Each structure stands twice: as structure tokens, then as C-alpha cells.
Amino acid sequence: MVSHLTGGTLGRYNILESVGRGGMATVFRAFDSQLGRVVALKVMPSYRSAEPTFLERFRNEARAVAQLSHQNIVRVHDFGEDKGFTYLVMEYLTGGTIKDLLSRRLTLSETLSLLSPLADALDYAHANGIVHRDVKPSNIMLDSNGNPVLTDFGLARVMRGTESLTREGLVIWTAEYMSPEQALGRPVDRRSDIYSLGLVAYQMMLGRTPFKADTPHDTLMSHIHQPAPAPRTIDASVNPVLEAALLKALAKDPADRYRSASEMVRALGATDPLLASAFDVAIAETVSGPAPAGKPAEPGSEAPPAASLLSDRTIIQVTQQQARTLALQDARENADFYGKEMAGAEVALEETNKQLAGMGKLVQTRINRLHGDLCGVVSTEQTQLGATGTTNLRERYSGFLRELDKFLKQD
Ligand SMILES: Nc1ncnc2c1ncn2[C@@H]1O[C@H](COP(=O)(O)OP(=O)(O)OP(=O)(O)O)[C@@H](O)[C@H]1O
Ligand SMILES: [Mg+2]
């Protein structure tokens, strides 16, 4: 098809070698003779370049994506047309795709360190009005430092255009990671990307995607009609809270999913065994919804509650409330995602803070100790992970630690 391009040029780019081929294009390593750097050149098939509507969509999308500037989104340098081909010029990524990593199951910690920057990248693109539409392992590459980078933003829309989804060739390369609304040919928004990122998370932790039938058509039907197999039917040791978080990401109705990719990653992270061990409580208890109401020290009661009465249950409640406070603060920061629910969030935040203030000094002392333990665990993991892994980890915990600090300073 386009393999004969090797050794030749397109525009000012000398084509060095073919590095990969997907369902719609061929990617080459190329040399930008003007700027003197190696780039990736994605060359579309010539029959598509002959369609005026395709060209217009391609140019619009390339311009929009070139505006994105995020360290976890591939940089688009240029695009052009030459010798009957349309091509996109991108940053050349050397670490391969994460498809290669998924020959084995990843741990929660590995999953989160990949997903967290990707979620950030998606939320950033969504805030800029761009939906990826084709989030899948072959579109997640690694840079030379091992950081994940999303490629092919918006290209699915350009390539699929108005073509019917029933065309066999199109379905084959899209079905496994499509959202139900995509499978139905309905308009999609950022929640479709959240579903697809949920599929990637599922595959990372369970070693397989939830929907893979014998034919692309059946796979599409499963996305639309079948519930995703519960993770614990694949591996009985999966944490029930993690299971619930994955299944929420894969809800059929977009309204039932997480409202942002980061919210999804935070929910998966809430099941982090590190946190659980630091607080010495069962993971499920800390996050699986409100426990029976706590018993704050009542004003005017004769004696403060005895230390022996301060059960782990109380501690769990306090940490739950801390988690809620954090979630609500995040909600405030993401105001445009949350729209009208903000007013409710504000009220809930105030309530939470009132409850925390009423918790009394003994609880604070217990929390102080647990805070110390958590710091210990974090610094141990930081040492193990080395320089690159620590940034993510620090981000994950710093908000939580900040909140605890604030709480401990209250009298
Ligand atoms: N920016 C890049 N730098 C280096 N290699 C890349 C880059 N983008 C893509 N590749 C390589 O080219 C291969 C083909 O990419 P392409 O996007 O055409 O197909 P795909 O994503 O694998 O599949 P599909 O066409 O189904 O989306 C990738 O698997 C990857 O190995
Ligand atoms: Mg791709």
C-alpha cells in the first residue's frame, strides 16, 4: 500500500522506516530535514486522501488536536498532503504501546501510575472540547521515560466519518474498546472516553477485556446489552470495592458512569492496599458507603468518651469523611464538570466539616498516629519506586495528607 514510501520523502520529511501499521494508516519514522529531528509520520491511505470531505475533516481535526499541550498527549507538529497522500507529523515515541505490556496482569499500583496521568490528559482534552473516541492500548504509548502518552486524538472521527458501522472492515478494528453509544452509532461525548478508559483499566488488572465475542458484531452487541463480567468471577481475590469501581466505569448508560476520568481513577485508587494497611482497616469498610452514624462528643456531656470506646469504626468514619471532603473539594475545582450538583456539594462539604469538628480530641490523637503511619508507608514506597514513580504517588497522597494536617491543627 504505502510501504514503497520508505527511502522517499513526503513534504520536507525523509521517510526512514515503517514502524507500525494499524487498521487505517501506516506510521513511519521520518526525519524533518528543516528542523533536523526525528518525527513520526502517520500516512493515510491514498484512496481516503482523494475524498474532499475526508480532507476537510482531517484538517479540522489536526488543527484542533495541535492546540492541545499536555505532557501525556502526543504532540502534533504538522500535517500535510503530498503525492496523493495525507499525513500527520507527530512527536516520535520510543517506548512502544502499552498493548505490549498487557501480556501480563498489572498490579493496582502499576495500573494507577499509568492511568492517573492518562486521566489527567483526557480531562484536559475534554475541558478543551476534544473527545478522543478511540482510547485503547494501541493508542497509549510510552515515552523514553516510561510515561504514558495518548495518541490519535480525534482521528477515529476523521477516519470513520459518516461511514456505516456495519461495514465489516471498520467494525473489526473498533469493536473491543467501543462504548455502547458508539456501538449504537449515537453521538458521543467525554463519557464515552471514560468507558473506554474503564475497559483499559479492566484489562490491565484482569488480563482480558470484558467483551470479546467471536465476531465484531457480537462484541458490539455485548457492549450494548451484556453486563461486564464481574471481576470476581474472573479472579475471586479481587477487592469488591475495586470491582464496583470498574463496573461503574463500564455502566451502559453514560449518566451512570464517573463524571471525569480522574474521578474514575480516584475511585480505583481508593481501594489502594497501601492506604488500607496504613489505617489498619478493611478496605471495603473505608469506602463502601456510609457506616452507621458516628458518635461525636456531645456538648455538655459529663465526661469525654473513654479511649476504649473509640473503636476502629470511629476512625473509619473519620477517614471516610476526610475522603468525602477531598472528593468534594475536587468537585469544586472541576466545577464545569459538575454543573448544578455544585450547590449540593457545597452543603455536603459544610456538613462534613461540622461533623469533623465535633469529633473530639481523642479521635484526633488516634488520627495523628495513623497519619504518622501513612507518612511512613508513603516514604517507603517512594524509596522503592525511585524518582519517576514518586511524582504520581506524591500527588495521590499529598491532598489527603494536607487535609489531615489541617484537621489535626484544628482544636
Ligand atoms: N507517535 C508515534 N511514535 C512512534 N510510533 C508510533 C507513533 N504512533 C504510532 N506509532 C506506532 O505505529 C503503530 C500503528 O499505529 P496506528 O495508530 O496506525 O494503529 P493502531 O493504533 O495500532 O491501530 P488502529 O488503526 O486500529 O487504531 C502503533 O502500534 C505504534 O507502534
Ligand atoms: Mg493508533
| Taking segment 1-58 as the region of interest, how many residues are more than 16 Å from ligand 2 (Cβ to nearest atom), over 23 Å from Lys99 (Cβ atoms) and not hydrophobic (A, V, I, L, M, F, W, C)? | 22
| message | Any residue at all in segment 227-241 that's under 28 Å from Gly154 (Cα atoms), in a loop (DSSP other than H, G, I, E, B) and within 19 Å of the chain's Cα centre (by Cα)? | response | yes
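On the basis of being within 27 Å of Thr9 (Cβ to Cβ), aliphatic (A, V, I, L, M), within 16 Å of ligand 1 (Cβ to nearest atom) and surrounded by 19 or more Cβ atoms within 10 Å (Cβ to Cβ), does Ala62 make the cut? Spell out how you get there, then give the answer.
Details: within 27 Å of Thr9 (Cβ to Cβ): yes; aliphatic (A, V, I, L, M): yes; within 16 Å of ligand 1 (Cβ to nearest atom): yes; surrounded by 19 or more Cβ atoms within 10 Å (Cβ to Cβ): yes.
Against the criterion (within 27 Å of Thr9 (Cβ to Cβ), aliphatic (A, V, I, L, M), within 16 Å of ligand 1 (Cβ to nearest atom) and surrounded by 19 or more Cβ atoms within 10 Å (Cβ to Cβ)), Ala62 qualifies.
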| task | Quick one: count up the residues across segment 1-44 that are more than 31 Å from the chain's Cα centre (by Cα) and assigned to a loop (DSSP other than H, G, I, E, B). | result | 11
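Would you point out which residue out of Asp214, Asp253, Asp218 is over 17 Å from the mean Cα position of the chain (by Cα) and modelled with pLDDT of 90 or more?
Values: Asp214 fails: modelled with pLDDT of 90 or more; Asp218 fails: modelled with pLDDT of 90 or more.
Going through Asp214, Asp253, Asp218 in turn, the sole match is Asp253.
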| request: Could you tell me which of the residues Ala230, Ala249, Ala245, Ala201 is buried (at least 22 other Cβ atoms within 10 Å of the Cβ), without any contact (Cβ under 8 Å) to a residue 40 or more places away in the chain and not hydroxyl-bearing (Ser, Thr, Tyr)? | output: Ala245
| query | Across segment 127-142, which residue is farthest from ligand 1 (Cβ to nearest atom) among those that are in a helix (DSSP H, G or I) and farther than 13 Å from Ile73 by Cα? | reply | Ala127
| Residues of segment 16-26 classified as touching a strand residue (DSSP E or B) at 6+ places or on another chain (Cβ under 6 Å), surrounded by fewer than 20 Cβ atoms within 10 Å (Cβ to Cβ) and not small (Gly, Ala, Ser), total | 3
| Hey, any hits in segment 63-72 for a residue that's within 16 Å of ligand 2 (Cβ to nearest atom), in contact with a helix residue (DSSP H, G or I) (Cβ under 6 Å, 6 or more places away or on another chain), modelled with pLDDT under 90 and under 23 Å from Leu150 (Cβ atoms)? | no
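Of the residues Val76, Val43, Val27, Val39, which single one is among the hydrophobic types (A, V, I, L, M, F, W, C) and closer than 19 Å to Pro137 by Cα? Break it down into steps so the answer makes sense when it comes.
Values: Val76 fails: closer than 19 Å to Pro137 by Cα; Val43 fails: closer than 19 Å to Pro137 by Cα; Val39 fails: closer than 19 Å to Pro137 by Cα.
So the residue among Val76, Val43, Val27, Val39 that is among the hydrophobic types (A, V, I, L, M, F, W, C) and closer than 19 Å to Pro137 by Cα is Val27.
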| request: Report yes if Arg48 is touching a helix residue (DSSP H, G or I) at 6+ places or on another chain (Cβ under 9 Å) and buried (at least 16 other Cβ atoms within 10 Å of the Cβ), otherwise no. | output: yes
| Scanning segment 81-95 for residues that are closer than 30 Å to Glu56 by Cα and in contact with a strand residue (DSSP E or B) (Cβ under 6 Å, 6 or more places away or on another chain), which turns out farthest from ligand 2 (Cβ to nearest atom)? | Asp82
| task | Please give the number of the condition Leu102 fails out of (1) assigned by TED's automatic domain parsing to the domain that holds Gly146; (2) assigned to a loop (DSSP other than H, G, I, E, B). | result | (2)
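Tell me which residues, restricted to segment 91-126, are among the β-branched types (Val, Ile, Thr) and within 15 Å of ligand 1 (Cβ to nearest atom). Don't jump to the end; show me each part of the working.
Step one: of segment 91-126, the residues among the β-branched types (Val, Ile, Thr) are 94, 97-98, 107, 111.
Matches in segment 91-126: Thr94, Thr97, Ile98.
The values are calculated or read from the model by the stated rules, or taken from the named source; none is laboratory data. Being a predicted model, the structure only gives us computed values, none of them experimental. Virtual Cβ from ideal backbone geometry, glycine too; neighbours counted across all protein chains shown.
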